[in-house]
1. So what is the diffusion coefficient of region 72-165 in µm² per second by Stokes-Einstein at 37 °C and 0.692 mPa s, using a Kirkwood Rh over Cα pairs?
2. For the peptides 97-103, 157-163, what is the packing order when you average, over each peptide's residues, the other Cβ atoms within 10 Å and list the highest mean first?
3. If you add up the charges near TYR96, with Lys and Arg at +1 and Asp and Glu at -1, over every other residue whose beta carbon is less than 12 angstrom from its beta carbon, what do you get?
4. Can you compute the FRET efficiency between LYS153 and GLU60 using 1/(1 + (r/R0)^6), with r the Cβ-Cβ distance and R0 = 41 Å? Round to the nearest 0.05.
5. Using the Kirkwood radius built from alpha carbon pairs, what does the Stokes-Einstein equation give as D for region 105-225 at 4 °C and 1.567 mPa s, in µm² per second?
6. Based only on other Cβ atoms within 10 Å, what is the fewest-to-most ordering of PHE217, PHE116, PHE10?
7. Could you please rank LEU95, LEU70, placing first whichever residue has the fewest other Cβ atoms within 10 Å of its Cβ?
8. Mind listing P(r) for the chain? All alpha-carbon pairs, 10 Å bins, whole percents.
Amino acid sequence: MIIGVLARPFKNESNKDVYGSNKEIIDVIISHGGIPLIIPANYIESFYDKDYINTYKMNEKEISNLHKVLDICDGVILQGGDNFYDYDINATEFLYDNDIPTLGICLGMQTMGCFFGGKLVDINNDNHKKTEQDYVHEVFINKNSKFYNYIQKDIINVNSRHKSRVINTSLRSVGFSSDNVLEVLEDSNKRFFIGVQWHPESMITYDVIAQKLFKCFFAECRMGR
């Protein structure tokens, strides 16, 4: 079972520019018997210009190369981060069109929402920006959703560490916080196309809902294509 993870740019301890993944996500993949495949962006030339990388449009060759890598994956995790790029949008489109199991986390969920016509706006409520607590706020789940079928609870508690929220997406919105921040997106007609605003990979050791979510995701990935 090969699980792709879209890499994120960051600085290492030597102040070098690096593409990589949150270790918690890699650990979750390995603990479920998967082989993590970190997928870097193809436009390394623009890596150093953060304004340029946000607006860079991939050419046909770069898109084709990205699709070839995604096509060998049994499932893909769109991990969190600070900004998403054309790379993320092209990946999301391919994953959706080819019905490859996809789990979006935080920024990954926002990418999914924006691909379907949504918009990112800043959050002014500090309740969503806390990072140290195991649980920060509740999320209310639509019982008529694939996500609910997986977790079997209509009110859950989650952690939270994001600065933006998605509005006006045409993707199905099935979970909200009490202050109306969108927390869960899905397309119930796909095998597994779900995005969550929180970080279940950070909750895997103590939270049953996070455990169920990953269990269902990897079960779908194992079924193959």
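1. Reported coefficient: 222 µm²/s.
2. Values: 97-103: 20.1, 157-163: 18.3.
Sorting 97-103, 157-163 by mean packing, highest first, produces 97-103, 157-163.
3. On the way: positive: LYS190, ARG191; negative: GLU93, ASP97, ASP99, GLU186, ASP187.
Value of the local net charge: -3.
4. Working: r = 45 Å, r/R0 = 1.09.
The computed FRET efficiency comes out at 0.35.
5. Numbers: Rh = 14.4 Å.
The diffusion coefficient I find is 90 µm²/s.
6. Values: PHE217 22, PHE116 17, PHE10 13.
Arranged by neighbour count, lowest to highest, PHE217, PHE116, PHE10 become PHE10, PHE116, PHE217.
7. Lowest count first: LEU70, LEU95.
8. Calculated P(r), rounded to whole percents: 8, 35, 39, 16, 2.
A short reminder: the numbers here are calculations on the coordinates, not readings from a lab. Bear in mind the structure is a predicted one, so any value in this text is a computation, not a measurement. We place every Cβ from the backbone using ideal geometry, glycine too, and count neighbours over all the protein chains shown.
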